[in-house]
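Written out below as structure tokens is the structure these notes cover.
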Amino acid sequence: MQVQRKAGMTAKLKQIANNPFLYVMAAPGLLFFLIFSYLPIYGITIAFKDYNFSKGITGSEWVGLKNFDYFFTSDDFWIVLRNTLGLNLLFILFTTVTAVLIALMFNEIRNKYFKRISQSLIFLPYFMSWIVVGMIVQSLFGGEEPMINHWLSGLGMEPVNWMFEAKLWPAILTVIRVWQGAGYLSIIFLAAITGIPEDLYEAARIDGASKLQIMLRITLPLLVPTIMIMTLLSVGKIFNGDFAMIYAIIGDNSLLYPTTDVIDTFVFRSMRQLHDFGMSSAVGLFQSVMGLVFVLAANAVTRRLSKESALF
């Protein structure tokens, strides 16, 4: 066993010696993850302590699972859990489907100038700050006379009190998320499509296949592994509510909490009121663990259906 370890270490050192510049280029990225991802793991212990600034992490009293009690026994626990999972499922489903359709559409466009301009316009919302998006949404749906209501009146429809109708906001937030993220995701899918061998398309055209048949029988099936991988990565964050998005758009409007309040916004309000860092860390740990569980479960299901589409 020791001989094998020594041989493996020698081979690794030899590989580093033969490719020193590659490892030097990788060093900044490795240091970034070491400093900002691995070293802070020690802070997880705050979730099990009554954290006190003056005493620090090591000096704070150990309280076990007490920090989890506030969140799990709260009357709002099931509401924020349902909203977090429900909204994220809507975001993942509709963003992925829309991104795939956009990628397939771009793959059929032959005018390169129109294609480039369209890609830039669709990709642009991804770089917009949620604060800016929130201001746009407020101008459309907020105020005494929302702009959307003027459009509805022009169509002969009744105005809606958007900021009082909680049931409408899951759909509104989904549309906003698709508008913001589908363009970015479509670029990834389009890159995967360009990697499909052209010989397959030529053979299909010779056999008399239509564009729709080529899309359904060649492009889409070969795109499935990439779709599954991106979906699995998204599932890992399914317990993390998008705080920046939700808070920038909804803010402190308690009338919309029944359908828009997620774990992150709930914890933020609790932190402002109770200043309980232990509870916040406990919820963060809960989100991370459940995200890992969901990734493992989704990957296991994917492996049963298609081993090539699984992450591991």
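The values are calculated or read from the model by the stated rules, or taken from the named source; none is laboratory data. Computed from a predicted model, the values in this text were never measured in an experiment. Virtual Cβ from ideal backbone geometry, glycine too; neighbours counted across all protein chains shown. The protein model used for the area step is the full one, side chains on, heavy atoms only, and it has no ligands, DNA or RNA in it. Shrake-Rupley method; radii C 1.70, N 1.55, O 1.52, S 1.80 Å.
So which of 278, 251 is small (Gly, Ala, Ser), open to solvent by less than 70 Å² (accessible area, probe 1.4 Å) and touching a strand residue (DSSP E or B) at 6+ places or on another chain (Cβ under 7 Å)?
Residue meeting the stated conditions: 278.
Got at least one residue in the range 251-259 being among the small types (Gly, Ala, Ser) and either farther than 15 Å from residue 85 by Cβ or assigned by TED's automatic domain parsing to the domain that holds residue 58 (or both)? Looking through the range 251-259, at least one residue is among the small types (Gly, Ala, Ser) and either farther than 15 Å from residue 85 by Cβ or assigned by TED's automatic domain parsing to the domain that holds residue 58 (or both). Being farther than 30 Å from residue 196 by Cα, open to solvent by 30 Å² or more (accessible area, probe 1.4 Å) and touching a residue at least 24 places away in the same chain (Cβ under 8 Å) is a description that applies to residue 128. The set of residues in the range 72-99 being part of a helix (DSSP H, G or I) and over 23 Å from the mean Cα position of the chain (by Cα) consists of 72 alone.
Here residue 292 passes the criteria (1) of a type in the set (A, V, I, L, M); (2) surrounded by fewer than 16 Cβ atoms within 10 Å (Cβ to Cβ); (3) within 25 Å of residue 181 (Cα to Cα); (4) touching a residue at least 60 places away in the same chain (Cβ under 8 Å) except the one numbered (4). Given the criteria open to solvent by 40 Å² or more (accessible area, probe 1.4 Å), free of Cβ contacts under 8 Å to residues at least 40 places away in the same chain and among the aromatic types (Phe, Trp, Tyr), does residue 123 qualify? Against the criterion (open to solvent by 40 Å² or more (accessible area, probe 1.4 Å), free of Cβ contacts under 8 Å to residues at least 40 places away in the same chain and among the aromatic types (Phe, Trp, Tyr)), residue 123 does not qualify.
In summary, helices (runs of 4 or more DSSP H) completely within the range 104-196 and bearing 1 or more residues that are under 21 Å from the mean Cα position of the chain (by Cα) occur at 112-123, 130-141, 169-194.
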